[in-house]
Amino acid sequence: MAERTVTLLIVDDHPVVRDGLRGMFAAAAAGFRVLGEAADGVAAVLLAAELDPDVILMDLRMPGGSGVDAIAELTRRAARARVLVLTTYDTDSDTLQAIEAGATGYLLKDAPRDELFGAVRAAAEGRTVLSPAVASRLVSRVRSPGNDALSGREREVLRLVAKGTSNRAIAGVLFISEATVKTHLTHIYGKLGVSDRAAAVAVGYDRGILGGAPAG
């Protein structure tokens, strides 16, 4: 019995990448159909509602609307589409943020085409797909003690706060929204048991999260 056709929405801020992916799926054996493309997370959410794809191939760091913000919004809207992250970034902060936001899978752009095709089909069926490198790091993180510690992205935010960076500037540096920055700060305050930025920085230095205490 022939496999059903999986419909796709490709989200990436680089036109060459979008063209390459579209061509790859078009050249594949019957079974995939690209419904549309978006250059940022905001457009992705709107197109997902309009086109109702089975799977969204989502880049993460895009000017004009990050992938993580888009995933979180799609999750909030209970979108039918499964999100498969396809990115060059495999840091803990990127991985965890995407999965916590609701991504079904996480692949790197250097994945072989057959692995990508298999991952898209698996995502369409609701199965979790992780690149081997990402999977091994996540397992190590889950098994390590102190899982209430700050996530990689929360550490990034706290480091920028320690430099006196405003929420708006932090959002620009990390390609996330100001609302997401505020959410991270709320989580940081809760985990560190503080109620403001200054106290968070002080505790961050005290616990070695930010390195040694600043001179002065």
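Numerical summary
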read-out: Of all residues in region 80-95 being under 19 Å from Gly126 (Cβ atoms) and in contact with a strand residue (DSSP E or B) (Cβ under 8 Å, 6 or more places away or on another chain), the one that is surrounded by the most Cβ atoms within 10 Å (Cβ to Cβ); value: Val85
read-out: Selection count, region 99-116, where residues are charged (D, E, K, R) and part of a helix (DSSP H, G or I); value: 4
read-out: Matching residues in region 69-86 - criterion: being within 17 Å of Val129 (Cα to Cα) and either under 9 Å from the mean Cα position of the chain (by Cα) or of a type in the set (A, V, I, L, M, F, W, C) (or both); value: Ile71, Ala81, Val83, Leu84, Val85, Leu86
read-out: Residue identified as in a helix (DSSP H, G or I), modelled with pLDDT under 85 and within 20 Å of Asp59 (Cα to Cα) among Ala133, Ala123, Ala119; value: Ala133
read-out: Wholly enclosed strands (runs of 3 or more DSSP E) of region 4-71 bearing at least 3 residues open to solvent by 40 Å² or more (accessible area, probe 1.4 Å); value: 32-38
read-out: Failed item, numbered, when Leu57 is tested on (1) under 12 Å from the mean Cα position of the chain (by Cα); (2) modelled with pLDDT under 95; value: (2)
read-out: Answer from Ala179, Ala200 - the residue that is open to solvent by less than 70 Å² (accessible area, probe 1.4 Å) and either in contact with a strand residue (DSSP E or B) (Cβ under 8 Å, 6 or more places away or on another chain) or over 24 Å from Asp59 (Cβ atoms) (or both); value: Ala200
read-out: Gly102 vs. criteria of a type outside the set (Phe, Trp, Tyr), open to solvent by 50 Å² or more (accessible area, probe 1.4 Å) and at positive phi; value: no
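Okay, residues lined up against (1) at pLDDT below 90; (2) out of contact with any helix residue (DSSP H, G or I) (no Cβ under 9 Å at 6 or more places or on another chain):
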{"site": "Ser144", "(1), (2)": "yes, yes"}
{"site": "Ala149", "(1), (2)": "yes, no"}
{"site": "Leu158", "(1), (2)": "no, no"}
{"site": "Val161", "(1), (2)": "no, no"}
{"site": "Thr165", "(1), (2)": "no, no"}
{"site": "Ala171", "(1), (2)": "no, no"}
{"site": "His187", "(1), (2)": "yes, no"}
{"site": "Leu192", "(1), (2)": "yes, no"}
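The values are calculated or read from the model by the stated rules, or taken from the named source; none is laboratory data. Small disclaimer: the values here were computed from a predicted structure and weren't measured. Cβ atoms come from the backbone with ideal geometry, glycine included; neighbour counts cover every protein chain shown. Accessible surface is based on the protein model in full, side chains and every heavy atom, while ligands, DNA and RNA are left aside. Shrake-Rupley method; radii C 1.70, N 1.55, O 1.52, S 1.80 Å.
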